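Note sheet for the following structure.
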Amino acid sequence: QLIKTLNAMKKINKYFIIPMLILFSAIACRDESLNPAPDMNDHIGAITLITPNPNRTFFDLTQPLAGQYIEFTIDVDGFDVTQVNSVDLELVFTENDRLFDPFQQVPVDSVYDPVVVKSVTTFPSTVQVSADEVVEALGLSSVNDIEVGDIFNLTFPIHTEDGRRLTVALNSELCNQPGQPSFGGCNVQWVATCPSDLSGTFNFSTTNITGDVTQGANPAACGIGVTGTATFTDLGGGRYAISDATYGQYDCAWNDNPATGVILVDVCNEVSLTGADQYGLIYTMTIINVTPTVLEFDWANDFGDSGRTTLTRTDSKQWPASLHTN
């Protein structure tokens, strides 16, 4: 009896499964016709192409801010597929030392929500963003609310003809890869600061060299110190690319290439380091001594490398007497 019952169930399943497969096949075909697979050429992105005016890269606090502006040229590339209707200028404002951290007992910056300053519809265009426009967009009282160390960062969301809004993260690696078509443009960043002129090529001498010997460093190979030349390349707005953030230490202690990617920031003669080297290491510096021709400071990174470096000017410029680290 059990065998008969099982045979009967097999017959029922046979006649039940066949029409169900036909039904599922029909539904699948219907869904595919209603929702066809997207053609990637219909959804390719676009990028912005930004060229700053090197003479308009910061708000100069030594002059009245009313009427001051930063300037750059903006163009777009839709890869001959995507039509761009407009690009927003979206601003993130970081107010310097506005808040106080009760746990660490230190002042901290306050980051405001993004706001759109204006939109651009003609490409290429030369764009100016004035201090007055920034104040209006942020809802500040006046340009007098802008203070030393305040940071302004523009990104460029793209509006396409087919209704999409393409954006990119503020610090996205895509900013260094313009071939990536899935996102909008990169950023323009500037600060409220003073004129700065620290660029040049200097003779360096680095002593007190350390490095993590457990990871393969050999600071003993540096002897009592190393010498060479280092360059600060002006990026505008008090920012300088450093040719070697270890001033010879990577060469003698690691037998490696110079540490590149670190940026020196000068905000009204208060200097600090930002960015990271090719290994993602973060650097700090403390100024020890300043004369018109000599700058002496200690530096370190978060991998245990450190040293004391003296930079000697060989040009006609001088180190500012009030140059300092916080």
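Structure summary
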| quantity | calculated |
| --- | --- |
| Residues with amide H under 5 Å from that of LYS118, placed H, sequence gap 5 or more | LEU89 |
| Extension gain from THR312 to ALA220, taking 0.36 nm per residue of separation minus the Cα-Cα distance | 30.7 nm |
| FRET efficiency for ASP77 and THR229, using Cβ-Cβ distance with R0 set to 35 Å, rounded to 0.05 | 0.35 |
| Whole-Å distance, taken between Cα centres, linking the range 43-87 and the range 182-253 | 29 Å |
| Label point distance in nm, THR325-THR51, each placed 7 Å from Cα along Cα→Cβ | 3.8 nm |
| Spin-label model distance (nm) - THR201 vs ILE44, 7 Å beyond Cα toward Cβ | 4.3 nm |
| Chain lengthening between TYR112 and TYR69 when straightened (0.36 nm per residue, less Cα-Cα) | 13.5 nm |
| Cut-off 17 Å, label 7 Å out along Cα→Cβ of THR94, residues of the range 243-278 by amide N | 262-268, 270-277 |
| Surface per residue (accessible, 1.4 Å probe) for the range 103-164, Å² | 54 Å² |
| ASP162-ILE282 pseudo-label distance in nm [points 7 Å out on the Cα-to-Cβ vector] | 4.1 nm |
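The values are calculated or read from the model by the stated rules, or taken from the named source; none is laboratory data. Because the structure is predicted, anything quoted here is derived from the model rather than measured. Because the Cβ atoms are built from the backbone with ideal geometry, glycine has one as well, and the counts that use them run over all protein chains shown. For accessibility, only protein heavy atoms count, side chains too; no ligands or nucleic acids. Shrake-Rupley method; radii C 1.70, N 1.55, O 1.52, S 1.80 Å.
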